[in-house]
Amino acid sequence: MKKLGHALVFIILGLIVLAFPLLGVITASALSGFAVLALGIGLLIAGIGEMDESKTVGILDLILGFLALILGLGFIFNPALFSWVVGFLVLIAGLCLIIPGIVIVITKKGDIRWLGVAALVLGILYLIFGLYVSNPVILGVLIGLWLLINGVMLLLKKTE
C-alpha cells in the first residue's frame, strides 16, 4: 500500500510538472539551493574550526564556503542559474567523454576501439543535450518525465 501511495504521488507530481515545467525547475532549484547553502554553512564552520590546525585548509574551506553560499542563494532566488549550471555540467561531462574517446580511437587497436567510438558518440550526445537542458522549460519537462517514469516503475515493481 505504501508503494502504491509513493507511485501515485510521483505520477501526479510528474503530470503537474509536465503541465507547468517551470514549477519543477523552481522546486528543484530551491531544494538544490538549500542543500548547497547548508554545504556552504558547513564549510564555513569547518574553515573557522580548522584555522587553529592549518591556516591553508581553513582559508580554503572559508573560500569554498563563501562560494557555496553565493551559489546556493543564486539557486534559491534565480532558477535560470540552476538551469545554466546543469547545462554547463552536462557539457563538461560530454567533454570528459569525448577526450578519452579520441585518445582510445587513436591509440588502441582491435575491438577496444569501439569503446572509444561509443565514448565519442555519448560525448557528442551529451554536448547536444547540454545545450538544450540549459533552457529551464526543457529542464522542467525532463524533471516531469523523470517523476512520471519513476512513478510508473514503482507501480510495475514486484513486491519483495
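Look at region 78-106: where a residue is free of Cβ contacts under 8 Å to residues at least 24 places away in the same chain and a partner is aliphatic (A, V, I, L, M) and buried (at least 17 other Cβ atoms within 10 Å of the Cβ), sitting 6+ places away or on another chain with Cβ atoms under 6 Å, you get PRO100/ALA119; GLY101/ALA119; GLY101/LEU120.
Quick check on my filter: what residues within region 20-77 are among the polar types (S, T, N, Q) and under 21 Å from LEU139 (Cβ atoms)?
THR27, SER29, SER32
Among the residues of region 70-97, those that are over 15 Å from the mean Cα position of the chain (by Cα), surrounded by fewer than 18 Cβ atoms within 10 Å (Cβ to Cβ) and of a type in the set (A, V, I, L, M, F, W, C) comprise ILE70, LEU73, PHE77, LEU95, CYS96.
Taken together, the values in this text are just the output of simple stated rules run on the coordinates, not laboratory data. None of the values given here were measured: they were computed from a predicted structure. Note: ideal-geometry Cβ built from the backbone for every residue, glycine included; neighbour counts use all protein chains shown.
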